[in-house]
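First the structure, in the form of structure tokens, and then the observations on it.
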There are 2 protein chains.
Amino acid sequence: MIILKLGGSVITRKDSLTPTLDSNNLTRIAREISNSSHHKLIVVHGAGSFGHPYAKEYAIGSEIKSTQELTRKKMGFSKTQNSVKNLNAQVCQHLLEQEIPAVSIQPSSFIETHNKRIINADLDLISKYLDLGFVPVLYGDVVLDMDKKIKMAVLSGDQIVKYLAENLKPEKVILGSDVDGIYNRDPKKYPDAHLMKVVTSYKELESTDNIQTVDVTGGMGGKLGELLELAKIGIESEIINANHDNNIKKALNGEKGIGTLIRNEK
Amino acid sequence: MIILKLGGSVITRKDSLTPTLDSNNLTRIAREISNSSHHKLIVVHGAGSFGHPYAKEYAIGSEIKSTQELTRKKMGFSKTQNSVKNLNAQVCQHLLEQEIPAVSIQPSSFIETHNKRIINADLDLISKYLDLGFVPVLYGDVVLDMDKKIKMAVLSGDQIVKYLAENLKPEKVILGSDVDGIYNRDPKKYPDAHLMKVVTSYKELESTDNIQTVDVTGGMGGKLGELLELAKIGIESEIINANHDNNIKKALNGEKGIGTLIRNEK
């Protein structure tokens, strides 16, 4: 089984102020998945411009100090949830058009967090969908948080990927991103920076701040942290550039070395 | 707490061959909910023309006899799921526009059936949403069925209503329908048929086949059966005509006698 993450920056116009789908990219990616030789597959996608503007406007996940703030934040939660659900419906629609039996699994319907980390999520149904040959599709969402001070949290696609991987033990995790992988130092500052073929620990990078700047959203640092933890328990992952034709197809077909491989030292 | 069912025939054009929303009706109903004095509320809506045409085309819930049939039915499941999710997104959008903090709860993400009846559904998260003042919105969906012969089933909004009511014990169940309630005999055949104010058992109806014809979809018979079972455990419900202005608002405000009340004999 493979877990494929599709970054929000790959399937949406992440710089857009209103939810905007990157339909061309999504059509191409759905075709690559359909033409690959994968057997069991879970897709997890980010929220991109369908989630981040709302989550930020309503500061979902920050401390709630008054009843008015709770009332306002609940509306923000509902709006965010509905917007990312619309994105998910469009992702599933694109997969369906390529004859992929995609089944949407809504995180806010069955996952809860405590202090923004998943504490409760029954994956039994996902396993059953997989066993029948469906392709479960999860996504970055808003969820209830058991911490009384914040009550709600943004749950990133990356955290979902890590939780699924820890519990379902896939052969591989593929992260479709809008960059080629991890560089040894910031390629924008240092022309001699080179793409790392393999990363097994933070130590291998010449400085840890470069990983903050590889991805304009600052997300790559967090991603790498989650992936290194997966590597420790023996789950290999690869960050690839999903904007380049056939990278996803090749990775699903088992080809390695397309981007940066994150694995343990062994 | 009140459970409000919105029939598929109320929020969609049920006679349409393609998914068609009844947006005017939905806007009016959302406004009535918003203007009512309800405290805790769960909304469950039917699938109408967003679900039935697909479920029928692919015969979801019928026995699967070959691998080809399974492959075809999986695509049918995925298409139905995506279509009813789109309806749910629009229902939630209409509620949000009236400042109701609606939270979508996707049945296929957490419910499974055996022989088309719910056997496994954790309602803990729904209770938590209710406690925070959210309005959970569930809907008729397709789900995995543990019977190996059929593997998938159509889960009606009515069955969800019954399961939620049995487990969460609401003060009242309100069924917003496109008819005024239950008649003692078929009003289309007998001009002297009268609307029943109260029904406590099938015996009170002059013939049980009339309940099949009250609703063109033949659904009223099944609905009444589920509601009579709820009555037995002390949960009162009322079938009202949601197409008439203010009926939903009145029912949410506690008014009785709008349609047909289903309760135990006491």
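Do we have A:D180 as among the acidic types (D, E), more than 10 Å from every other protein chain (Cβ to nearest Cβ) and closer than 27 Å to A:G61 by Cα here?
No: the conditions fail for A:D180.
Kindly list the number of the only condition in (1) open to solvent by less than 30 Å² (accessible area, probe 1.4 Å); (2) in contact (Cβ under 8 Å) with a residue 24 or more places away in the chain; (3) over 22 Å from A:L132 (Cα atoms); (4) touching an Asp or Glu at 6+ places or on another chain (Cβ under 8 Å) that fails for A:L87.
(4)
Quickly run through segment B:111-166 and pick out the residues that are part of a helix (DSSP H, G or I), open to solvent by 20 Å² or more (accessible area, probe 1.4 Å), within 12 Å of chain A (Cβ to nearest Cβ) and touching a residue at least 40 places away in the same chain (Cβ under 8 Å).
B:S127
Which ones in segment B:93-119 are within 30 Å of B:N35 (Cα to Cα) and under 19 Å from the mean Cα position of the chain (by Cα)?
Matches in segment B:93-119: B:Q93, B:H94, B:L95, B:A102, B:V103, B:S104, B:I105, B:Q106, B:P107.
Which one of A:S83, A:S49, A:S66, A:S37 is within 26 Å of B:Q81 (Cα to Cα) and at pLDDT 95 or above? Walk me through it before giving the result.
On the way: A:S49 fails: at pLDDT 95 or above; A:S66 fails: within 26 Å of B:Q81 (Cα to Cα); A:S37 fails: at pLDDT 95 or above.
A:S83 is the lone residue from the list that is within 26 Å of B:Q81 (Cα to Cα) and at pLDDT 95 or above.
Filtering segment B:167-190 down to residues that are assigned to a strand (DSSP E or B) and hydroxyl-bearing (S, T, Y), which residue is nearest to B:H244 (Cα to Cα)? Working first, answer last.
First, the residues of segment B:167-190 that are assigned to a strand (DSSP E or B): B:172-177, B:183.
Then keep just the ones that are hydroxyl-bearing (S, T, Y); that gives B:177, B:183.
Values: B:S177: 10, B:Y183: 18 Å.
By that ranking, first place goes to B:S177.
Which ranges mark the helices (runs of 4 or more DSSP H) fully within segment B:1-64 that have 3 or more residues being open to solvent by less than 10 Å² (accessible area, probe 1.4 Å)?
Details: elements: B:8-11, B:23-35, B:52-57.
Counting at least 3 such residues, we get B:8-11, B:23-35.
Within segment A:85-101, how many residues turn out to be farther than 18 Å from A:G8 by Cα and facing chain B (nearest Cβ under 9 Å)?
Residues that pass the stated criteria total 4.
Exactly one condition in (1) closer than 19 Å to B:V103 by Cα; (2) more than 9 Å from every other protein chain (Cβ to nearest Cβ); (3) open to solvent by 10 Å² or more (accessible area, probe 1.4 Å); (4) among the polar types (S, T, N, Q) is not met by A:T71; state its number.
(2)
Return yes or no: is B:N82 assigned to a helix (DSSP H, G or I), open to solvent by 50 Å² or more (accessible area, probe 1.4 Å), at the interface with chain A (Cβ under 10 Å from one of its Cβ atoms) and touching a helix residue (DSSP H, G or I) at 6+ places or on another chain (Cβ under 7 Å)?
No.
Which residue is farthest from B:N25 (Cα to Cα), if the candidates are limited to segment B:101-110 and must be outside any strand (DSSP E or B) and either open to solvent by less than 10 Å² (accessible area, probe 1.4 Å) or in contact with a Lys or Arg (Cβ under 6 Å, 6 or more places away or on another chain) (or both)?
Of segment B:101-110, the ones outside any strand (DSSP E or B) are B:101, B:105-110.
Those left that are additionally either open to solvent by less than 10 Å² (accessible area, probe 1.4 Å) or in contact with a Lys or Arg (Cβ under 6 Å, 6 or more places away or on another chain) (or both): B:101, B:105-109.
Values: B:P101: 19, B:I105: 22, B:Q106: 23, B:P107: 24, B:S108: 26, B:S109: 28 Å.
Only one residue tops the list, namely B:S109.
The values are calculated or read from the model by the stated rules, or taken from the named source; none is laboratory data. Just so it is clear, the structure is predicted and the values come from calculations on it, not from any experiment. Reconstructed Cβ throughout: ideal geometry from the backbone, glycine too, with neighbour counts over all protein chains shown. Note: areas computed on protein heavy atoms with side chains; ligands, DNA, RNA excluded. Shrake-Rupley method; radii C 1.70, N 1.55, O 1.52, S 1.80 Å.
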